[in-house]
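Colleague: Once you've had a glance at the structure underneath, I'll fire off some questions.
Read the figures in this text as sums done on the coordinates, not as results from a lab. Predicted model only: the values in this text are computed from it and were never measured. Backbone-built Cβ (ideal geometry, glycine too); neighbour counts: all protein chains shown.
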Amino acid sequence: MSDSLSAPQLLRIRAKLEAMVADQSNPLRSEQAAAALERMRNGEFGVCVECGDEITPARLAAKPEARLCLDCQTLKDEEDS
């Protein structure tokens, strides 16, 4: 789990993720949020699934379901385009 996140930050992020899971208007985002909650339960939240680096707290605050750090997300976006 990311060491940069305080307990209050984690609680806020968890609340956001739970709200996203409950909101079924965007099934993909709901699924991504559920996966992020699972990573949180497993102690893997805030760690990039691609390279293992920490995902910045600012990125997690803006996009709590993020599974990639900004560098890996940029590379993925470039590959996809």
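Colleague: Dipole of the chain, Cα-centred, from +1 at each Lys and Arg C-beta and -1 at each Asp and Glu C-beta, to the nearest 20 debye? Please list the in-between numbers first.
Modeller: On the way: 10 positive and 15 negative charges, 98 e Å.
For this selection, approximately 480 debye.
Colleague: List the residues whose amide H sits under 5 Å from the amide H of V47, counting only those 5 or more places along or on another chain, with H placed 1.01 Å from N in the peptide plane.
Modeller: Correct list: S2, I55.
Colleague: Could you tell me the convex hull volume per residue, in Å³, taken over the Cα atoms of segment 1-66?
Modeller: Details: hull volume 4.8 nm³, N = 66.
Dividing the Cα hull volume of segment 1-66 by its residues yields 73 Å³.
Colleague: Which value in deg cm²/dmol, rounded to the nearest 500, describes the helix-derived mean residue ellipticity at 222 nm for the chain, given -39,500 (n - 2.57) per DSSP H run of n ≥ 4 and division by the residue count?
Modeller: Computed mean residue ellipticity for the chain: -18500 deg cm²/dmol.
Colleague: For the charge dipole of the chain, defined by +1 on Lys and Arg C-beta atoms and -1 on Asp and Glu C-beta atoms about the Cα centroid, which residue among A7, A66, V47 has the Cα displaced farthest towards the positive pole?
Modeller: The Cα lying farthest towards the positive end belongs to A7.
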